[in-house]
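The values are calculated or read from the model by the stated rules, or taken from the named source; none is laboratory data. Not measured: the values here are computed from a predicted model. Ideal geometry is used to build each Cβ from the backbone, glycine not excepted, and the neighbour counts take in all protein chains shown. Remember, those area values only see protein heavy atoms, side chains included, never the ligands or the DNA or RNA. Shrake-Rupley method; radii C 1.70, N 1.55, O 1.52, S 1.80 Å.
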There are 2 protein chains.
Amino acid sequence: MRYELYYWPGIQGRGEFIRLALEEADADYVDVARGASHETGGLPAMMKLLNGKETATPPFAPPFLKAGRLIVAQTANILLYLGDRHGLAPTSEAGRSWAHQLQLTIADFVKEIHDTHHPVGSGHYYEEQKDEAKRFTAEFLRERLTKYLGYFEHVLTLNPRGEKFLVGARLTYCDLSMFQIIEGLRYAFPEAMRRYERRMPKLVALNERVAKRPRIARYLASPRRIPFNESGIFRHYPELDQAE
Amino acid sequence: MRYELYYWPGIQGRGEFIRLALEEADADYVDVARGASHETGGLPAMMKLLNGKETATPPFAPPFLKAGRLIVAQTANILLYLGDRHGLAPTSEAGRSWAHQLQLTIADFVKEIHDTHHPVGSGHYYEEQKDEAKRFTAEFLRERLTKYLGYFEHVLTLNPRGEKFLVGARLTYCDLSMFQIIEGLRYAFPEAMRRYERRMPKLVALNERVAKRPRIARYLASPRRIPFNESGIFRHYPELDQAE
């Protein structure tokens, strides 16, 4: 079965967490909205499903995954689904729940990272909320970034199966997502991360370990990996990186 | 087995979504942090688990549920767990996934509702970000409230098993959470909701149906139900209700 991934074209966004899992699983998938209308269905195919005219279970927002007749939305929910099918999650109930819990905390972190450039709301451009963004980002870098990264570093320390992975003794989708978080933060806040990274050696090692996995390395070098840019979640605005 | 619920005392907050499920399930539970230290363990017991000194799987934040040795955190993840055990979720895989997806969208909605009074960050008081809050809330009431509530009204319309419940033909934890969302929005934004409610007749009927369920009615009339207040997620600030 070929999966259909639906996400906004042109940005990594939340879709990237799904792409990394699909790539590591070597799954057969098509990135629908990045294709031409006459080939994959393109963006119009995504909008039809969002509008709920073709399904009784319309997603609220991308990303979503079509697996046969099933439509699965919400990033962490999609990873829960893929994790079971592709060996990217523990098989025990307690392990599955713990991995999902970490992923939901990553989702909260992603939302706060997004809000550094859009604290007043997504309906306004960054340029219309630069002052608020500076104020939000100052607190984010001082309090939240350190709290979240400190938490995940602590989770690695506590893992009874060793500090190579966040959950258990094998790679899970959480590790792939954590790789993406670190890559994104380095892009968006290079100065702040340069200062902070010596306090998260285990996360830095995890990031390197994921980057070197053959399928991830192949993906990152391919045109399927969209470069970071200032339309996505992780945006590099030097004035925010220096917010205090 | 007696469940242990851990959440900040004094507010409904995200813990309330769990309380409603536990009450509807008539489950045996103790609200740990609301009890005295010498009885339930109180707030110190919660802080110990948060600090990760007693468990290898510490939650990032409350609420979390202790079920025997298992600790489950993240509101939607806790409801996923309780839903299976207490008949508050579909049993089919597609149904379970759809209910969880809706709950994660409710979680996103809750975060945006919280941000109406704290757009710049939780580390500052509302009084320090009133101007930003007005700006955020104006867009929230105009765009986001209507988009989310319109979406859930549409989900009721599309339900092939009828418009009584969000998922399938029986009550799920999603209906309990939607009840709480509507109650909270009516408390926080009475004017805005008065204007909008005629466009969501199915959600209004759902809210009434949940309120009349014997166990929910009993709970709402009990001292276990903490009143809404200006420390929680749903806060009534008249100046925000009138934001334009």
Residue ID - modelled with the lowest pLDDT, chosen from residues in the range B:51-66 that are at the interface with chain A (Cβ under 10 Å from one of its Cβ atoms) and touching a strand residue (DSSP E or B) at 6+ places or on another chain (Cβ under 9 Å): B:Thr55
Residue satisfying all of: in the range B:139-166; of a type in the set (A, V, I, L, M) and more than 9 Å from chain A (Cβ to nearest Cβ); most open to solvent (accessible area, probe 1.4 Å) among these: B:Leu141
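Would you mind finding the one in B:Glu163, B:Glu239 that is among the acidic types (Asp, Glu) and assigned to a helix (DSSP H, G or I)? Give the steps one after another, and end with the answer.
Values: B:Glu163 fails: assigned to a helix (DSSP H, G or I).
Of the residues listed, the single one that is among the acidic types (Asp, Glu) and assigned to a helix (DSSP H, G or I) is B:Glu239.
Output the residue which, of all residues in the range B:125-134 that are open to solvent by less than 60 Å² (accessible area, probe 1.4 Å) and within 10 Å of another protein chain (Cβ to nearest Cβ), is farthest from B:Ser231 (Cα to Cα).
So, considering only residues that are open to solvent by less than 60 Å² (accessible area, probe 1.4 Å) and within 10 Å of another protein chain (Cβ to nearest Cβ), the one farthest from B:Ser231 (Cα to Cα) is B:Glu132.
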Count of residues meeting criterion [touching a helix residue (DSSP H, G or I) at 6+ places or on another chain (Cβ under 6 Å) and surrounded by fewer than 15 Cβ atoms within 10 Å (Cβ to Cβ)] in the range B:205-228: 1
Residue pairs meeting the criteria (Cβ under 6 Å; at least 6 apart or on separate chains; first in contact (Cβ under 8 Å) with a residue 24 or more places away in the chain, in the range A:57-69; second outside any strand (DSSP E or B) and β-branched (Val, Ile, Thr)): A:Pro63/A:Ile18; A:Leu65/A:Ile78
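Against the condition closer than 19 Å to B:Glu16 by Cα and among the basic types (Lys, Arg), how does B:Arg85 come out, does it pass? Walk me through how you get there before you give the answer.
Numbers: closer than 19 Å to B:Glu16 by Cα: yes; among the basic types (Lys, Arg): yes.
Judged against the criteria, B:Arg85 is a match.
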Filter pass, B:Ala169 being out of contact with any Leu (no Cβ under 9 Å at 6 or more places or on another chain) and aliphatic (A, V, I, L, M): yes
B:Leu171 part of a helix (DSSP H, G or I), buried (at least 17 other Cβ atoms within 10 Å of the Cβ) and modelled with pLDDT of 95 or more: no
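Kindly establish whether B:Gln74 is in contact with a strand residue (DSSP E or B) (Cβ under 7 Å, 6 or more places away or on another chain) and facing chain A (nearest Cβ under 8 Å). Give the derivation first.
Numbers: in contact with a strand residue (DSSP E or B) (Cβ under 7 Å, 6 or more places away or on another chain): no; facing chain A (nearest Cβ under 8 Å): yes.
No: the conditions fail for B:Gln74.
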Residue identified as part of a helix (DSSP H, G or I), free of Cβ contacts under 8 Å to residues at least 40 places away in the same chain and under 30 Å from B:Ser92 (Cα atoms) among B:Lys147, B:Lys202: B:Lys147
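Count, please, the residues in the range B:153-169 that happen to be touching a residue at least 60 places away in the same chain (Cβ under 8 Å) and touching a Lys or Arg at 6+ places or on another chain (Cβ under 9 Å).
So the first thing to find is which residues in the range B:153-169 are touching a residue at least 60 places away in the same chain (Cβ under 8 Å), and the list is B:166-168.
Narrowing further to those that are touching a Lys or Arg at 6+ places or on another chain (Cβ under 9 Å): B:167-168.
Going through the range B:153-169 one residue at a time, the tally reaches 2.
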Any chance A:Glu191 is more than 13 Å from every other protein chain (Cβ to nearest Cβ), over 20 Å from the mean Cα position of the chain (by Cα) and either open to solvent by less than 10 Å² (accessible area, probe 1.4 Å) or on the phi < 0 side of the Ramachandran plot (or both): yes
Enumerated helices (runs of 4 or more DSSP H) restricted to the range B:25-124, each holding at least 3 residues that are open to solvent by 40 Å² or more (accessible area, probe 1.4 Å) and within 23 Å of A:Ser92 (Cα to Cα): B:93-115
